[in-house]
Amino acid sequence: MREAAHASSDGSYRIADGGLATGATLGGPRLAVRLNANGSIERVHSIDAGTDLIKGFDVHHYDGDTGLHLPRNASNFTLRPECQVQEYDLPGDLHVEKTTFALYDKDAAATCYVRLRVSNSGDRATSLNSAAVARVKRSFDDRIEVRWDQAVRTLAIRNRDTKGQARGIVCSETPASWMVANDHARIVANQWCGPFDRTIDAGGSDPLAAFHMEHQIGAGAARTFWFAVDKLSDGEAENGMGIELESADDALVRTRAAYGTKLKATAMVSPVGEIDLGVYWSKANMLRVMRETPTGQGFTNDPANSASCVGRDAAWFVHGCDWLDPDFSAALLRGFAARQEAGGKIVEFYDLRTGETNDDGLNVNDNTPLFILAVWHHAVATGDRDFLDELYPAARRAAKQLLAHRDERGLIFCTADGTGARGIVGWRNIIDDYRISGATTELNSEAFAALTKMAVLAKMAGNANDAVNFEREAAALRDAIELHLRNPENGLYYLTLDVDGRKRSEVTSDLVFPVIFGVADTATSVRIVQRLREADFWTEAGVRTVPRDAPQYEPARVHGLLGGVWVAVTFWYALAASRFAPDIMLEALQKTFAHYARDPRATNTVPGEFSEWLHGETMVNEGMMLSPWTPPRYLWAAIEGTCGLEPTVEGARIEPRLPPSWSWLGARNVPLRGETLAWFVARTDCHRLFTTHTVESTLPLEVYDRDVTEEVIVEGDDVATMAFARGGEVLVFIGNRSPHTVSVALRNEGILSNLAPRRRFECLKGEWKDDLTDERAEYIATIARGLFALIEFS
């Protein structure tokens, strides 16, 4: 029987204990925190230290009178963007709420909090012993020195051999007792064995730090206490100069506020609330991996293990991050521009701690055209002329580097004859004993788009000669692709013209690239979209990387790159399908995100958390629990695919891609060129676009002055609301997400308090009803399934 997680109206997920195979992967500007399925901390990883601060942390409870270990009963979890909350009952009418989170403050030290609130619902006071336990060594050979700093209630841990890895475990109150010892049996005993002896033995294979808290909790009362894992300087750890941390309550309020503010950016409203929820969680997951590092802002290719920031991942991240935090996008691109090779190539990755670079030894790579595309995307999305002036030379050098590696056919050609990372040019570059080089369709499609966008950047920069040259080179490259990389046998594209001269006809998910980047004509694009939707590619959780019937199909090996389901590829596919098959786009976005919550224990997923890749047969996650490059592609596909936003030099073009079953769709608070844009499309006499700014569109356009959605109060379940104002009028849109007819009440408060309904659109009749002056002050609307109410006030 499946144990599904259920989403609440605030976007959080709730699931019972036993419903997860693992806990959430949380994060802040300087930390990644991985949790176990039982709610304990698996590890706390610091980007500044370049390693884990601790491995393992949990809190155990014992009856203060009998000493018996108190089991956790009726435990359940609430998963929120900023934290994981575990609630459980203890014998004796005690209820515990444990909240684990990473402090979200880029200017503060790296800190992970575990906050416990114990409440007593009984009619008598209860005595409780609680023991917090942490593993203080990260490996068997970890040579550490440990000291207790009574003044700041901190156990300070310093490495003898390595600088910069000091950390502290902080208690909110002075423990009744504490110890550092190797006595694991004592921690899992069924009986409280008395106070700890306040001694330190940090040797041995796996010493534990334990902190004993005593609390008397009166009838109807509650006690709150907390622990924190904090990054310290070596001097603080050695000399007892630790600092007082703010309380967990205050830190949680600040963290929740920081997430709340950022999550307001780019909200989607659609008839399928699950996709809107996917957009919400895509942003939350991005915030969890966006780091402040010794070399500047960036994110790593493995949040809890690595310091490597990868070029292609950064470029794809920008396409989503421009709709969440454009400043972070700019910092990412500056990081790679500063490390661009002399010849113009963009490096494969660099270390966020040291700045050291690696390029895998390829003469040409996909990071280079993707960097150009990301520079273009950020420049047009923000209209930031200073950024353009700064990054244009780097983008130009990158384009010239690509053009310098054309072969006699006019195709961009990678000469690598190795295997794995030294023989694969493209996103699947970690397949061992495998090669994809030569003239690949992936790289050449990306290069065509990059040259096209370079022409746009050149025009923006006022360089007319560059614009003409890059337009000419882009056209020539597309002609070469169509002449040499089209496979006449099936009307698709070759995987590559290999370095050995062979035409490789493997049909893979890489076929999305000619569609995404505008190489394929309409007929071929439709053919590709249809081919990737066939049963051998398609699963209930997304697109396989190669079809199930392919000779090289390996659903569980080589990181799923030869038959597994890479979730991010499904979002590429959704974007590719959006122009030609909006219903397939909808299915790709909805089913893939829903998979995380459908049966988390069986699929090794965490609700709301975008994992890396799935076994091609079982759909069980085999990769990272939180993949840093997957969430921005969902946001990109939803906003630029489904919602139809295309940033342009002049501003924006909006062409929403509504599936046949949808009659409305919208987006709010989208950052564009230093302002925020909101729009919705509704099927009135035709599909009509309502926006807060003038944009390009083939749809009839209604332009309003501002978005006033927050000033309108609608009472009703499972509805989406938007409201725009201009002059003395307000237009209120209410869309029904429910599978049933709903009734809603529009309160005569806020911006509507001095206005009267003038007319409304009757969806079922397809016409406006005028003269609503006799309507009640509190306007009530009944909305059929999938439809909407549109009410104009003046």
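Annotations for the structure displayed:
- Boolean, THR676 is part of a strand (DSSP E or B), within 24 Å of VAL456 (Cα to Cα), out of contact with any helix residue (DSSP H, G or I) (no Cβ under 9 Å at 6 or more places or on another chain) and open to solvent by 30 Å² or more (accessible area, probe 1.4 Å): yes
- Condition check for ALA541: closer than 15 Å to LEU614 by Cα and modelled with pLDDT of 95 or more: yes
- Considered as a group, the residues in region 284-311 that are within 26 Å of GLY641 (Cβ to Cβ) and out of contact with any strand residue (DSSP E or B) (no Cβ under 9 Å at 6 or more places or on another chain) include one that is surrounded by the fewest Cβ atoms within 10 Å (Cβ to Cβ), and that residue is ALA284.
- Residue in region 160-178 that is farthest from PRO91 (Cα to Cα), counting only those that are in a strand (DSSP E or B) and open to solvent by less than 10 Å² (accessible area, probe 1.4 Å): ARG167
- Residue within region 222-241 that is of a type in the set (A, V, I, L, M), within 30 Å of ALA394 (Cα to Cα) and open to solvent by less than 20 Å² (accessible area, probe 1.4 Å) present: no
- Complete set of residues in region 766-794 that are basic (Lys, Arg) and either more than 37 Å from the chain's Cα centre (by Cα) or modelled with pLDDT under 90 (or both): LYS769, ARG776
- Residue count for region 230-269, restricted to those that are more than 22 Å from the chain's Cα centre (by Cα) and in a loop (DSSP other than H, G, I, E, B): 10
- Matching residues, region 5-27, being closer than 18 Å to THR603 by Cα, surrounded by 19 or more Cβ atoms within 10 Å (Cβ to Cβ) and not aliphatic (A, V, I, L, M): TYR13, GLY19, THR22, GLY23, THR25
- Members of region 629-643 found to be open to solvent by 10 Å² or more (accessible area, probe 1.4 Å) and in a loop (DSSP other than H, G, I, E, B), listed by number: TRP629
Here is a yes/no grid of residues against (1) crowded, with 24+ Cβ neighbours inside 10 Å; (2) more than 22 Å from SER306 (Cβ to Cβ):
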{"residue": "THR354", "(1), (2)": "no, no"}
{"residue": "VAL375", "(1), (2)": "yes, yes"}
{"residue": "ARG396", "(1), (2)": "no, yes"}
{"residue": "LEU403", "(1), (2)": "no, yes"}
{"residue": "GLY410", "(1), (2)": "no, yes"}
{"residue": "GLY418", "(1), (2)": "no, yes"}
{"residue": "ILE431", "(1), (2)": "no, no"}
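- Long-range neighbours under 8 Å by Cβ, at least six apart or interchain, first residue without any contact (Cβ under 8 Å) to a residue 12 or more places away in the chain within region 634-661, second among the basic types (Lys, Arg): GLU646/ARG653
- Set side by side, the residues GLU711, GLU650, GLU655, GLU696 differ, and just one is among the charged types (D, E, K, R), under 28 Å from the mean Cα position of the chain (by Cα) and open to solvent by 10 Å² or more (accessible area, probe 1.4 Å), which is GLU655.
- Enumeration of residues in region 598-628 that are among the charged types (D, E, K, R) and in a loop (DSSP other than H, G, I, E, B): ASP599, GLU609, GLU612, GLU617, GLU622
- For the criterion of being of a type outside the set (Val, Ile, Thr), open to solvent by less than 20 Å² (accessible area, probe 1.4 Å) and within 24 Å of LYS453 (Cβ to Cβ), ALA682 fails.
- Residue in region 101-108 that is in contact (Cβ under 8 Å) with a residue 24 or more places away in the chain, over 19 Å from GLU214 (Cα atoms) and open to solvent by less than 10 Å² (accessible area, probe 1.4 Å) present: yes
- Considering residues of region 59-85 that are of a type in the set (Gly, Ala, Ser) and in contact with an Asp or Glu (Cβ under 6 Å, 6 or more places away or on another chain) only, the residue surrounded by the most Cβ atoms within 10 Å (Cβ to Cβ): SER75
The values are calculated or read from the model by the stated rules, or taken from the named source; none is laboratory data. All values reported here derive from a predicted model rather than from experimental measurement. Note that we place each Cβ from the backbone using ideal geometry, even for glycine, and neighbour counts take in every protein chain shown. Ligands, DNA and RNA are stripped out before the accessible areas are found, and what is left, the full protein with its side chains, is counted by its heavy atoms. Shrake-Rupley method; radii C 1.70, N 1.55, O 1.52, S 1.80 Å.
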